[in-house]
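Comments concern the structure below.
The values are calculated or read from the model by the stated rules, or taken from the named source; none is laboratory data. Values in this document were obtained by computation on a predicted structure and should not be read as measured data. Cβ sites come from the backbone with ideal geometry, for glycine too, and all protein chains shown count toward neighbours. Surface areas here come from the heavy atoms of the whole protein model, side chains and all, with no ligands, DNA or RNA. Shrake-Rupley method; radii C 1.70, N 1.55, O 1.52, S 1.80 Å.
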Amino acid sequence: MKKKQTVFSGVQPTGVLHIGNYLGAIRQFVDLQYTNESVFCVVDHHAITVPQVPEEFHENTLKVAMLYIACGIDPKESIVFIQSHSTEHTELAWILNTMTPLGELERMTQFKEKTEGRTKKEGVLAGILNYPTLMAADILLYQTDIVPVGEDQVQHIEFTRMLAEKFNSRYGRTFSVPEAYVQRDTARIMGLDDASKKMSKSAPSSNNYIGLLDSPNEIRQKIAAAATDSGKEVQYNKIKKPAISNLIEIYSAFAESPHSEIEKIYKDKNYYEFKNDLAELLIKKLAPIQEKYKELTKNKKQVLEILYGGSRKSRIISQTTLSQVKEKMGYVI
Ligand code: ATP
Ligand code: LTN
């Protein structure tokens, strides 16, 4: 069967992947790969925009690659590779930087959040500012149509579209103009300890998230400790009951059952019973991912072969795009 469109996305190797990353992004990667040309990248160059300990950075990069595969990304269906193995990414990022107004970078929400409270001259590194241009390069090199991401990344995709259109109008059609692909219900899974902020692997407490590799007891303990709202009804209402609604969203996504169905099941039950069942559901759904992951850790050589093969395949596409870009701009190639 001919695959329809091109899908590209990336995840940073910056810590423990959590169910927010899975529901907001990785699960979409898995679903999309069968009907679309798919390219999934471990974006290690993005991770170093915040300080990394070398050994942890190394481990985390392989961990994300193994979790991709453990979650169901099939290297026979998709190209899976490490960003720094394809030097075209940083090269195109440099070119795009020369066309990016500084103001566009400074107004990005992620930039503002990550640099809040720091004076520009002292604490703000240029890599954080230029982060979206590297992300745009990642996407544009593959003539991407669709970028599956969580809601926090939509602004960066808009920025990528702006750069693609700008280049195309200056030099003639060179890049596909991509669109964000966001799953409405799972685009922004909130923190378990604070339902006003998104679940985040950089949260100060690990009670904020359920890691994809958390043990059954960790899952039980974290769900038991998760914030709830006043009252005792298990009801979906994001304004009046943000914490319970977040837990219902997680339940609903893993059970593949609508919110209304869950409300019905727990109509005469309390938070305690609901939380117990949610913990058991998560344990059951994460078990096959954890098993596959464990198997892969015993086969690191095979994982590296997949990644090197992925990089070779990715470069066939990215080198073609980059050559077109340079030729159109007048580089001697
Ligand atoms: P974090 O804030 O957790 O440190 P991140 O968003 O900076 O992570 P990645 O780990 O690279 O960076 O994100 C991978 C994917 O997961 C992205 O598409 C992102 O939008 C998505 N994602 C991250 N957090 C959530 C969440 N809480 N809910 C839904 N999707 C999310
Ligand atoms: N910025 C993204 C990670 C990322 C990405 C990409 C996502 C880097 N390059 C290209 C989609 C497409 C994040 O923080 N989640």
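Under the condition of being assigned to a loop (DSSP other than H, G, I, E, B), open to solvent by less than 20 Å² (accessible area, probe 1.4 Å) and more than 7 Å from ligand 1 (Cβ to nearest atom), the residues counted in the range 1-39 number 3. May I ask you to list the residues in the range 196-216 that are at pLDDT 95 or above and open to solvent by less than 40 Å² (accessible area, probe 1.4 Å)? Passing the criteria: 199, 208, 209, 210, 211, 212, 214. Scanning the range 238-254 for residues that are touching a helix residue (DSSP H, G or I) at 6+ places or on another chain (Cβ under 6 Å) and open to solvent by 40 Å² or more (accessible area, probe 1.4 Å) returns a single hit, 238. Within the range 151-173, the set of residues being under 13 Å from residue 139 (Cα atoms), open to solvent by less than 10 Å² (accessible area, probe 1.4 Å) and of a type outside the set (A, V, I, L, M) comprises 156, 159, 160. In the range 56-76 there is no residue matching the filter, namely being open to solvent by less than 10 Å² (accessible area, probe 1.4 Å), free of Cβ contacts under 8 Å to residues at least 40 places away in the same chain and in contact with a Ser or Thr (Cβ under 9 Å, 6 or more places away or on another chain). Of everything listed in (1) modelled with pLDDT under 95; (2) within 14 Å of ligand 2 (Cβ to nearest atom); (3) in contact with a helix residue (DSSP H, G or I) (Cβ under 8 Å, 6 or more places away or on another chain), the single unmet condition for residue 115 is (2).
Just so you know, in the range 5-21 the residues that are more than 13 Å from ligand 2 (Cβ to nearest atom) and closer than 25 Å to residue 252 by Cβ include one that is modelled with the highest pLDDT, and it is 19. Kindly establish whether residue 153 is of a type outside the set (A, V, I, L, M, F, W, C), within 13 Å of ligand 1 (Cβ to nearest atom) and under 21 Å from the mean Cα position of the chain (by Cα). Yes.
When you check residue 190 against the structure, is it of a type in the set (A, V, I, L, M), under 26 Å from residue 113 (Cβ atoms) and surrounded by fewer than 19 Cβ atoms within 10 Å (Cβ to Cβ), yes or no? Answer is no for this residue.
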